[in-house]
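Asks: First the structure, which I've put down as structure tokens, then a few questions once you've had a look.
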Amino acid sequence: MTAPHSGPGRRQRLKNLREAALHRPVLARHLSDGFNGRWSRRQWVQASLFATIGMLVASIVPGFDVAPPSALQARQSMALSLPPLVRPAVEAGDSWQVVRVQPGQTLGALFQQMGVPATTMYRILEQPGVREVLTRLRPGTELAFDLPLDGPLRAFRFDRDDTHRVELTIKPDAIVENVIERPSETRTVVASGEISSSLYAAARKAGLSPNAIATMTGEIFQYDIDFTDAQKGDRFSVVYEQVWREGERIGTGEIAAATFTTGGKTYSGFRFEHDGKVGYYTADGRPLKKAFIRMPIPYARITSGFSKARKHPVLGRTRAHQGVDYGAGTGTPIHAAGDARVSFVGWKGGYGRTVVLDHGKGYTTLYAHMSRFGKYKPGQSIKQGTVIGYVGSSGLATGPHLHYEFRIGGVHRNPLTVTMPPPEPLKGAALAAFRAQTAPALARIQQVEDIMYAKVEPAAESKPAKPATKA
């Protein structure tokens, strides 16, 4: 009979226990094995090490040594009632919404965009003088709606003109109109510039509007300066008016004075009213407007000049060319060279469609090869610059151009070199008034140009002082 714990089975169990003991963690084995109530030296060293690590962690990590709130006391929550949300009362006039009319936008579409019924719009248009303004709105025009958060349109506002604003208060039974005057201020300013690339670019940079540029080139100096020859370094100065309202510039007025310096010569023009007519005059009071303009087509190129002998491009014969040809595209407007009475309109042989003007005192001008005529008939009086026809190639012409002739007493003259009759200057009281009016403008131009175009003189070299001489 075999003992209960003997034999191979017992030996196998002992073997397994030994292997398990060998694979246990050393620390656990030493702490648990053979503890008899007294620590060994190794156990004391391990305990000291753990205590030191614990103290270091408690001192480095914030709040490590503080018990969590849940350990101190139970967390509680209270339900607090919030005060009711109070919206500020909307006062009349504090909810204006300003909109700008967009290109192509109609008044009905704008009112619909603002949520205003069409019936309200029709009520507004029925007010005296309102329809004429609101049915001719331009892009950029400002309209204002007084719309509360809850409720219909309270008031509507628009500008009747530059100085008057209309405010319409909408009531259930009526519309009350209030016209508010918007005072404007006129300021006289000086714009000055120097050409670097083109006159137009320099003038725009100086603040001049396209209309002001056209006045300077096409009305004031058109008789004396060929602006197609404007060069770098040429300069100009313009005295003109600006209209301001509520801190915003809303427009520009007329040019009071202008100067243009080119080729070392300065030309000047001053605006003055005489005998009920407004014009521009030189500094000595002579009108800038000449009796004739030399070029019926502004800025056109000369394709054939005035000559006593020239081979005709169509006929092939040599004969005198008693006019000047200006090349231009078909349909280019042709202007009357001066105030005149229309003498002839029709077909004139090789000239084709032709207009002849009688300027009085023996002066006549002829315009030929037109594609079509203007709206004037023989016997009518016209002003200088009036469009009398359009460039074409009718008659004996190889291409579109204007053939222009200038005659004095029936004799052909070269329109580019003939001495034109000078206009009569101002005299007496008119001249005195002119000088008194133009003197401040001229002084302002001179002041601005002295600042802008002042030449910096090189500093004088210092010389040693001479020794004093005894008497």
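Asks: Hey, among the residues in the stretch 301-355 that are within 38 Å of the chain's Cα centre (by Cα), surrounded by 21 or more Cβ atoms within 10 Å (Cβ to Cβ) and not small (Gly, Ala, Ser), which one's modelled with the lowest pLDDT?
Replies: Within the stretch 301-355, the match that is modelled with the lowest pLDDT is Tyr326.
Asks: Still on this structure, I have one more. For Gly395, are the conditions met, namely being at pLDDT 85 or above and in contact with a helix residue (DSSP H, G or I) (Cβ under 8 Å, 6 or more places away or on another chain)? It would help to see each step written out before you state the result.
Replies: On the way: at pLDDT 85 or above: yes; in contact with a helix residue (DSSP H, G or I) (Cβ under 8 Å, 6 or more places away or on another chain): yes.
When the stated conditions are applied, Gly395 passes them.
Asks: Let me ask you something else. Within the stretch 356-366, which residues are surrounded by fewer than 14 Cβ atoms within 10 Å (Cβ to Cβ) and either among the β-branched types (Val, Ile, Thr) or part of a strand (DSSP E or B) (or both)? Full working, then the answer.
Replies: Residues of the stretch 356-366 that are surrounded by fewer than 14 Cβ atoms within 10 Å (Cβ to Cβ), as a first pass: 360-362.
The answer is Gly360, and nothing else.
Asks: Sticking with this one: Of all residues in the stretch 131-168, how many are closer than 25 Å to Val243 by Cα and of a type in the set (A, V, I, L, M, F, W, C)? Can you show your working first?
Replies: In the first step, residues of the stretch 131-168 are kept if they are closer than 25 Å to Val243 by Cα; the result is 132-134, 136-144, 157-167.
Filter again for of a type in the set (A, V, I, L, M, F, W, C), leaving 133-134, 137, 143-144, 158, 166.
So the count comes out to 7.
Asks: Of everything in the stretch 201-228, what is out of contact with any strand residue (DSSP E or B) (no Cβ under 8 Å at 6 or more places or on another chain) and over 22 Å from Gln446 (Cα atoms)? Give them in sequence order.
Replies: If we filter the stretch 201-228 for residues that are out of contact with any strand residue (DSSP E or B) (no Cβ under 8 Å at 6 or more places or on another chain), which is where we start, we get 201, 204, 210, 213-214, 217-218, 222-223, 226-228.
Selection gives Ala201, Pro210, Ala214, Gly218, Gln222, Tyr223, Asp226, Phe227, Thr228.
Asks: Looking at the stretch 336-385, which of its residues are polar (S, T, N, Q) and over 23 Å from Val411 (Cβ atoms)?
Replies: If we filter the stretch 336-385 for residues that are polar (S, T, N, Q), which is where we start, we get 343, 354, 364-365, 371, 380-381, 384.
Once the filter is applied, which keeps residues that are polar (S, T, N, Q) and over 23 Å from Val411 (Cβ atoms), the stretch 336-385 yields Ser371, Gln380, Ser381.
Asks: Of the residues Ser192, Ser196, which is surrounded by 17 or more Cβ atoms within 10 Å (Cβ to Cβ) and either on the phi > 0 side of the Ramachandran plot or in contact with a Lys or Arg (Cβ under 9 Å, 6 or more places away or on another chain) (or both)?
Replies: Working: Ser196 fails: surrounded by 17 or more Cβ atoms within 10 Å (Cβ to Cβ).
That would be Ser192, the only listed residue that is surrounded by 17 or more Cβ atoms within 10 Å (Cβ to Cβ) and either on the phi > 0 side of the Ramachandran plot or in contact with a Lys or Arg (Cβ under 9 Å, 6 or more places away or on another chain) (or both).
Asks: Which one of these does Gly285 not meet: (1) under 34 Å from the mean Cα position of the chain (by Cα); (2) part of a loop (DSSP other than H, G, I, E, B); (3) at pLDDT 90 or above?
Replies: Going through the list (1) under 34 Å from the mean Cα position of the chain (by Cα); (2) part of a loop (DSSP other than H, G, I, E, B); (3) at pLDDT 90 or above, Gly285 breaks only (1).
Asks: Continuing with this model, one more query. Sort out for me the strands (runs of 3 or more DSSP E) sitting completely within the stretch 143-254 that have 2 or more residues that are hydroxyl-bearing (Ser, Thr, Tyr) and modelled with pLDDT under 90. Outline the logic, then answer.
Replies: Numbers: elements: 155-161, 164-170, 175-181, 185-194, 235-245.
The qualifying strands (runs of 3 or more DSSP E) are 185-194.
Asks: Are any of the residues in the stretch 247-257 over 28 Å from Gly233 (Cα atoms) and touching a residue at least 40 places away in the same chain (Cβ under 8 Å)? So that I can check it myself, show each step before the final result.
Replies: Taking the stretch 247-257 first, the residues over 28 Å from Gly233 (Cα atoms) are 247-251.
Checking the rest, the ones that are also touching a residue at least 40 places away in the same chain (Cβ under 8 Å) come to 250-251.
Within the stretch 247-257, one or more residues are over 28 Å from Gly233 (Cα atoms) and touching a residue at least 40 places away in the same chain (Cβ under 8 Å).
Asks: Which of the residues that make up the stretch 215-235 are surrounded by 16 or more Cβ atoms within 10 Å (Cβ to Cβ) and out of contact with any helix residue (DSSP H, G or I) (no Cβ under 7 Å at 6 or more places or on another chain)?
Replies: Let us first name the residues in the stretch 215-235 that are surrounded by 16 or more Cβ atoms within 10 Å (Cβ to Cβ), namely 215-217, 219-223, 225, 227, 230, 234-235.
Within the stretch 215-235, Thr215, Met216, Glu219, Ile220, Phe221, Gln222, Tyr223, Ile225, Asp234, Arg235 qualify.
Asks: Mind listing just one residue for me: the one in the stretch 367-396 that is touching an Asp or Glu at 6+ places or on another chain (Cβ under 9 Å) and not in a loop (DSSP other than H, G, I, E, B) and, of those, surrounded by the fewest Cβ atoms within 10 Å (Cβ to Cβ)?
Replies: Here the answer is Ser381.
The values are calculated or read from the model by the stated rules, or taken from the named source; none is laboratory data. Remember, it's a predicted structure, so these values are computed and weren't measured experimentally. Every residue, glycine as well, gets a Cβ built from its backbone with ideal geometry; the counts of neighbours run over all protein chains shown.
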